[in-house]
Amino acid sequence: MEHKTTRRMLAMAAILGLGGLVALQAQARTGTAEEIAERLRPVGELCLQGMDCGGAPAPAPVASAGARSGSDVYNSICMACHTTGAAGAPMKGDVAAWADRLAQGMDTLYAHSIDGFIGNSGVMPARGGNPNLSDDEVKAAVDYLVDASR
Ligand code: HEC
């Protein structure tokens, strides 16, 4: 009887000890985001989206990674003319105004948006006037604009 109890207690202690070890290890492996960033720091400064990383201007947008969506690009600049009709721009959602333009094919619309274009109704500035936009960002904005205008 006396023996059995001791053995059971030993077993319990062993299990508890094991559990404690596992818990400790788990804690070591996870940690807060700051701790993880700290551990990664020697590899390179880690700046995640949404973090304030010292206020340095972001590097020029790369076509793949940080590319903005069509609606983001549209709303950042294209809307100045294509939502208001300013400068003679065909308005977003005006199906009649876009029918003939769409008939030219998307490649022409992309080229006119990237290189700029002077037509019968006005001047479409190259990249909407923002030279920092990548080709893919301009194309995405064109897609967004014409999809809302068919
Ligand atoms: C300063 C005003 C202005 C801004 C900003 C602007 N556009 Fe335009 N856009 C025009 C005008 C004006 C036309 C019509 C030109 C014509 O046909 O005479 C036009 C035409 C177009 C066309 C049709 C081209 C064709 O071949 O018929 C597309 C597509 C287009 N814009 C996309 C965009 C996109 C995408 C942006 C934002 C990146 C943008 N525009 C920003 C003024 C603007």
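The values are calculated or read from the model by the stated rules, or taken from the named source; none is laboratory data. Just so it is clear, the model here is predicted, and its values are computed rather than measured. Heads up, the Cβs are rebuilt from the backbone with ideal geometry, glycines too, and the neighbour counts pull from every protein chain shown. For accessibility, only protein heavy atoms count, side chains too; no ligands or nucleic acids. Shrake-Rupley method; radii C 1.70, N 1.55, O 1.52, S 1.80 Å.
What to note about this one:
- Built amide H within the under 5 Å cut-off of Phe117, gap 5+: Met124, Ala126
- Cα shape, segment 70-147, gyration tensor, a/c 1.5 rule: rounded
- Accessible area in square angstrom per residue, segment 70-147, 1.4 angstrom probe: 52 Å²
- Heavy-atom accessible area for Lys139, with the other protein chains in place and a 1.4 Å probe, reaches approximately 70 Å².
- Label-reachable residues, segment 130-150, where backbone N falls under 13 Å from a point 7 Å from Ala87's Cα toward its Cβ: 130-131
- The portion of the accessible surface of segment 70-147 made up by carbon and sulfur, rounded to a whole percent, is 53 (1.4 Å probe; DNA, RNA and ligands excluded).
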